[in-house]
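In what follows, a structure is listed as structure tokens, so that the remarks can point back to it.
Just so it is clear, none of the values below were taken in a lab; they were calculated from the coordinates. Keep in mind that what you see is a predicted model, and the values were worked out from it rather than measured. Please note: Cβ atoms are built from the backbone with ideal geometry, for glycine as well, and neighbour counts cover all protein chains shown.
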Ligand SMILES: Nc1ncnc2c1ncn2[C@@H]1O[C@H](COP(=O)(O)OP(=O)(O)OP(=O)(O)O)[C@@H](O)[C@H]1O
Ligand SMILES: [Mg+2]
């Protein structure tokens, strides 16, 4: 039987703000299977980012259990947690968090320095990761020389360079226009399909969520429901069909006018 890669049981998180307790998570239980692509949706303040921070071991829960690839995360020491953050999970945030005046290549490479990867291998992996997100021809561009969508794809490449099993993305398309958002989703779907990387992303946009296989709804620090996406959007296909549509219009215009020149002009 296949075990879930992420298994969260009754997770709570209470933030102490002076006298006031903020109950950000009030008993979240959820499982994600290896190779799944899941979207988390829910109102602002419902606990989505808090949950993502727990999943990525960036923060510790107040109570509850979290098993990552079958191992209890609460049993890990600091070294174990650091190792998960460096090798198991890749993070992508709404704000790309790239270093300014630093090339795309260096932005992807720098975390690998901390990971202790030797120089040549580092360069190699960074180039491969940038090629994977379709930026093989933008290696030496600095963030201000890239579009928003391209900057986010550099951030995705950075999360990939450590060869993670899981990518956690908190509103990765939140700052992007529809088209750039779709490009980023195409990259996630490709990594999910071709490399079997488990992808968990938070979004407020129902169309972005429909790129996932499953949607988990969070409300008031609890999982409200989960649903399988019936009419999943495949980013590559929809781009193709837009082209097809464009072609169909051109053909219709050609039929109407009778000459190609008139259509082209
Ligand atoms: N570090 C913190 N200290 C205290 N309270 C916090 C902290 N982080 C989050 N909270 C509170 O916990 C609750 C959940 O916040 P969280 O950021 O997880 O929401 P969210 O679902 O990601 O919202 P959004 O969609 O706006 O990003 C909110 O009420 C927030 O104010
Ligand atoms: Mg959030």
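Computed values, structure above
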{"quantity": "Estimated 222 nm signal from helices in the chain, with DSSP H stretches of n ≥ 4 weighted -39500 (n - 2.57), rounded to 500", "calculated": "-12000 deg cm²/dmol"}
{"quantity": "Length-normalised contact order of the chain in % [C-alpha pairs under 8 Å, at least 6 apart]", "calculated": "24 percent"}
{"quantity": "Using alpha-carbon coordinates, inclination of helix 119-132 to the longest axis of the chain, degrees", "calculated": "60 degrees"}
{"quantity": "Residues in the range 48-87 that a label on residue 163 would reach, taking backbone N under 13 Å of a point 7 Å out along Cα→Cβ", "calculated": "87"}
{"quantity": "For the range 31-102: rounded, prolate or oblate by the Cα gyration tensor [a/c cutoff 1.5]", "calculated": "oblate"}
{"quantity": "Hull shadow area, averaged, the range 1-131 [alpha-carbon convex hull, nm²]", "calculated": "10.8 nm²"}
{"quantity": "The chain - share of DSSP beta bridges that are antiparallel (%, nearest 5)", "calculated": "60 percent"}
{"quantity": "Span from the the range 19-74 Cα centroid across to the the range 95-117 one, whole angstrom", "calculated": "27 Å"}
{"quantity": "Highest-first arrangement of 206-213, 147-154, where packing means the average Cβ count within 10 Å", "calculated": "147-154, 206-213"}
{"quantity": "Order of 188, 91 - criterion: other Cβ atoms within 10 Å of each residue's Cβ, fewest first", "calculated": "91, 188"}
{"quantity": "Inverse of mean 1/r across different Cα pairs in the chain, Kirkwood, Å", "calculated": "20.0 Å"}
{"quantity": "Order of 10, 205 - criterion: other Cβ atoms within 10 Å of each residue's Cβ, fewest first", "calculated": "10, 205"}
{"quantity": "Ranked 197, 40, criterion: other C-beta atoms within 10 Å, fewest first", "calculated": "197, 40"}
